[in-house]
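Colleague: Could you have a look at this structure, given as structure tokens, before my questions?
The values are calculated or read from the model by the stated rules, or taken from the named source; none is laboratory data. Predicted model only: the values in this text are computed from it and were never measured. Every residue, glycine among them, receives a Cβ derived from its backbone with ideal geometry; neighbour counts consider all protein chains shown.
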Amino acid sequence: MIGTIEAEAAACRAAFAARPRARYAAHVHHEAAVEALTESVEERIAYILARKPADEQALRLHCLRPITVRQWRHYDAAVRAARDPYDAAVRAARDAYDAAERPAHAAYDATIRAARDAYEAAVQPARDAYDAAERPAQAAYDAAVRPAQTAYDATVRAAHAAICPVAECPWDGKTIFPAKETP
């Protein structure tokens, strides 16, 4: 259960007081599960209290907690291991996309150059041909990346769940404010 802003600020301070040498923390920023501290926790708390919307402050402070180096290493290893297959899938999909898109783009450019005087009449067929060639390339790219993205996201969520010291943490793999994110 999330308390008042004051109660959550006190709990956050107490958690860090119990781990005065903490170098890593959960949810320093709302879009990161875990990160290294780059400023004092007191500076981050002051920033949250001074600059973040009041309806976000208690949750931000509730989720901001120290983690151990061991927890950081566990999280980092899990995410790093998931990153290689994700990057490989993105590279392969990008290469396939580029190969499929390149000729369509070249034909489009050639049509535009040849049709300068009749631009309005010539450009629409070229756009249609480009779109027809690009759509399957985009679909193939999306299909190739989706499984790697799903696996990567699951690993990030699992790694977070294994180390996050926050009870009822709302982290959804991208933010502690999932309801506020726009699709």
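Colleague: Conditions first: (1) within 25 Å of Asp153 (Cα to Cα); (2) surrounded by fewer than 19 Cβ atoms within 10 Å (Cβ to Cβ); (3) at pLDDT below 95. Tyr75 passes all but one, so which condition is the exception?
Modeller: Of everything listed in (1) within 25 Å of Asp153 (Cα to Cα); (2) surrounded by fewer than 19 Cβ atoms within 10 Å (Cβ to Cβ); (3) at pLDDT below 95, Tyr75 misses just condition (2).
Colleague: Right, another one. Filter the stretch 1-40 down to the residues that are of a type in the set (Gly, Ala, Ser) and either touching a Leu at 6+ places or on another chain (Cβ under 8 Å) or surrounded by 13 or more Cβ atoms within 10 Å (Cβ to Cβ) (or both) and list them by number.
Modeller: Hits for the stretch 1-40 are Gly3, Ala7, Ala9, Ala10, Ala11, Ala15, Ala22, Ala25, Ala26, Ala32, Ala33.
Colleague: Turning to a different aspect of this structure: Test of understanding: among Ile112, Ile163, which residue is within 30 Å of Ala15 (Cβ to Cβ) and either touching a residue at least 60 places away in the same chain (Cβ under 8 Å) or out of contact with any Pro (no Cβ under 7 Å at 6 or more places or on another chain) (or both)?
Modeller: Residue meeting the stated conditions: Ile163.
Colleague: State yes or no: is Thr182 at pLDDT below 90 and either part of a helix (DSSP H, G or I) or under 30 Å from Phe16 (Cα atoms) (or both)?
Modeller: no
Colleague: While we're looking at this one, here's another question. Of everything in the stretch 166-179 that's surrounded by fewer than 16 Cβ atoms within 10 Å (Cβ to Cβ) and in contact (Cβ under 8 Å) with a residue 12 or more places away in the chain, which residue is farthest from the chain's Cα centre (by Cα)? Don't jump to the end; show me each part of the working.
Modeller: Going residue by residue through the stretch 166-179, those that are surrounded by fewer than 16 Cβ atoms within 10 Å (Cβ to Cβ) are 167-168, 172-174, 178-179.
Okay, now just the ones that are also in contact (Cβ under 8 Å) with a residue 12 or more places away in the chain, so 168, 172-174.
Numbers: Glu168: 21, Asp172: 10, Gly173: 8, Lys174: 5 Å.
Selected residue: Glu168.
Colleague: Within the stretch 57-67, does at least one residue satisfy the condition of being exposed (fewer than 14 other Cβ atoms within 10 Å of the Cβ) and either modelled with pLDDT of 95 or more or more than 29 Å from Tyr141 (Cβ to Cβ) (or both)? Can you show your working first?
Modeller: Initially, the stretch 57-67 is screened for residues exposed (fewer than 14 other Cβ atoms within 10 Å of the Cβ), giving none.
Within the stretch 57-67, none of the residues are exposed (fewer than 14 other Cβ atoms within 10 Å of the Cβ) and either modelled with pLDDT of 95 or more or more than 29 Å from Tyr141 (Cβ to Cβ) (or both).
Colleague: Can we say Ala137 is assigned to a helix (DSSP H, G or I) and either closer than 22 Å to Val79 by Cα or touching a residue at least 24 places away in the same chain (Cβ under 8 Å) (or both)? So that I can check it myself, show each step before the final result.
Modeller: Working: assigned to a helix (DSSP H, G or I): yes; either closer than 22 Å to Val79 by Cα or touching a residue at least 24 places away in the same chain (Cβ under 8 Å) (or both): yes.
Spelling it out, Ala137 is indeed assigned to a helix (DSSP H, G or I) and either closer than 22 Å to Val79 by Cα or touching a residue at least 24 places away in the same chain (Cβ under 8 Å) (or both).
Colleague: Which one is farthest from the chain's Cα centre (by Cα) among residues in the stretch 144-165 that are farther than 18 Å from Asp84 by Cα and surrounded by fewer than 17 Cβ atoms within 10 Å (Cβ to Cβ)?
Modeller: Among residues in the stretch 144-165 that are farther than 18 Å from Asp84 by Cα and surrounded by fewer than 17 Cβ atoms within 10 Å (Cβ to Cβ), the one farthest from the chain's Cα centre (by Cα) is Pro165.
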